[in-house]
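Here is the structure we will look at, set down as structure tokens.
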Amino acid sequence: MPAERPLRVADATVIVHPDADAASRDAADRIARVVAEAVAARGKAVLGLATGATPEKVYDRLAARVADGSLSFRDVTTYNLDEYYPIQPLDPLSYRSYMHRHLFSRVDLAPNRAHVLDGTVPEHAAAAHAAEFDRWIDADGGLDLQLLGIGRNGHIGFNEPSDLPVAEFAARGTLPIDLHPITKADAVREFGSLEAVIPRALTMGVRQILAARTILMLATGPKKAPIVARALKGPVTASVPASVLRTVADRVVWILDEPAAAELG
Ligand code: PGA
């Protein structure tokens, strides 16, 4: 099997793996390492987690490591990036139930330390709930690691392309948001039709993402190649949200497979 290929794109650290399995294994190993180091240093680890198709294999690897005793979530607290809004947690399409299926039910994580934004919060309380989410993360000392995927429009979490100046976008807290047309089109895979896609969400803001002490961006498959190249080689702009990761390049590792890296040159 060909080995991984470290790549330097502008200031970014990029690691290209032969396939999605190898990329996912690398991401899981890095998460396990951060957990071990943070627990050793301060008795706990705080992880920011992502949903979508890409991280499923990462969660499989983490669950396998818990099963073989090489990892424990006993001292871990998690915060998920986003949730559809409104949605019931038991709806199989909610990110709360995604996390239950793929990770929470398979590891020794305390239920009251697994935070997912609440899709049932009333409209008038949504902004306050979002602000509270940021206060909880801050009170936990911030994120030791944030796992990210990238949307075909460059979104991170549900921080969709925006006209805001970069500084304002980068400082934005957790908030309710309208989904971008490309995000809705991609969500048809889960919802079955465009009409059925829930058009709004609550998302962690860019501020918390950029403040994470380690950021892992995992992108696999040929459909991600154009946006990965734009995010890494185009201008740093809120219209390509993932490009803003380059403002904290020393804390970000891009973990790609060869198809997702195809347009990096
Ligand atoms: P995907 O989603 O893993 O399902 O491609 C990535 C994202 O939108 O962040």
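Please find the FRET efficiency linking Glu123 to Arg152, where r is the Cβ-Cβ separation and R0 is fixed at 22 Å, and quote it to the nearest 0.05. Write down the numbers at each step before the final one.
Details: r = 29 Å, r/R0 = 1.32.
The pair Glu123/Arg152 has a calculated efficiency of 0.15.
Taking amide H atoms as placed 1.01 Å from N in the peptide plane, the amide H of His17 lies under 5 Å from those of Arg5, Leu256, Asp257, Glu258, each 5 or more residues away in sequence or on another chain.
Pull up all non-local amide H partners of Thr78: gap of 5 or more, or a different chain, and H-to-H distance under 5 Å with H placed in the peptide plane. Here Leu47, Ala114, His115 satisfy the definition. For segment 194-207, backbone phi angles converted through the Karplus equation (6.51, -1.76, 1.60; θ = phi - 60°) give residue-by-residue couplings of 5, 4, 7, 5, 6, x, 10, 7, 9, 9, 3, x, 5, 4 Hz, Gly and Pro being listed as x. Distance between Cα centroids, segment 168-182 to segment 1-80: provide it in whole Å. What the calculation gives is 25 Å, centre to centre.
Taking R0 as 22 Å, what FRET efficiency do you get between Val248 and Glu168 from their Cβ-Cβ distance, rounded to the nearest 0.05? Numbers along the way, then the final one.
Working: r = 16 Å, r/R0 = 0.73.
Working from the Cβ atoms, E equals 0.85.
On the principal axes of its alpha carbon atoms, the chain extends 51, 44, 36 Å, with the longest extent given first.
The residues neighbouring His17, those whose beta-carbon lies less than 12 Å from its own, together hold a net charge of -4 under the Lys/Arg +1, Asp/Glu -1 convention.
From the helices alone, meaning DSSP H stretches of at least four residues, give me the mean residue ellipticity at 222 nm for the chain, per-run term -39500 (n - 2.57), in deg cm²/dmol to the nearest 500. Numbers along the way, then the final one.
On the way: 8 runs with 88 residues, N = 265.
About -10000 deg cm²/dmol.
Segment Asp178..Asp138, full-extension length gain: 11.9 nm, with 0.36 nm per residue of separation and the alpha-carbon distance subtracted.
Ignoring ligands, DNA and RNA, how do Leu164, Leu90, Leu143 rank by accessible area with a 1.4 Å probe, largest first? Don't jump to the answer; show the numbers that get you there.
Working: Leu164 55, Leu90 160, Leu143 0 Å².
The residues order as Leu90, Leu164, Leu143, largest area first.
Couplings 3J(HN,Hα) of segment 143-148, computed from phi: 8, 5, 8, 10, 8, 10 Hz, in residue order, whole Hz [Karplus 6.51 cos²θ - 1.76 cosθ + 1.60, θ = phi - 60°; x for Gly and Pro].
Computed from point charges on the beta carbon alone (+1 for Lys and Arg, -1 for Asp and Glu), the dipole magnitude for the chain about its Cα centre is near 440 Debye. Computed with every protein chain present, the accessible area of Arg213 is close to 100 Å² [probe 1.4 Å]. Close amide H pairs (under 5 Å, H built 1.01 Å from N) link Gly205 with Thr174, Leu175, residues at least 5 positions away or on another chain. Taking a span of 24 Å or more along the helix axis (Cα atoms) and a mean Kyte-Doolittle hydropathy of at least -0.5 as the rule, the DSSP H helices of the chain that qualify are 20-42. Within the straight-line cut-off of under 12 Å between alpha carbons, the aspartates and glutamates reachable from Lys233 are Asp11, Glu263, sequence neighbours fewer than 8 places apart in one chain being disregarded.
The values are calculated or read from the model by the stated rules, or taken from the named source; none is laboratory data. Computed from a prediction, not measured in an experiment: that's the story for all the values here. Every residue, glycine among them, receives a Cβ derived from its backbone with ideal geometry; neighbour counts consider all protein chains shown. Quick note on the areas: whole protein, heavy atoms, side chains included, nothing else; ligands and nucleic acids left out. Shrake-Rupley method; radii C 1.70, N 1.55, O 1.52, S 1.80 Å.
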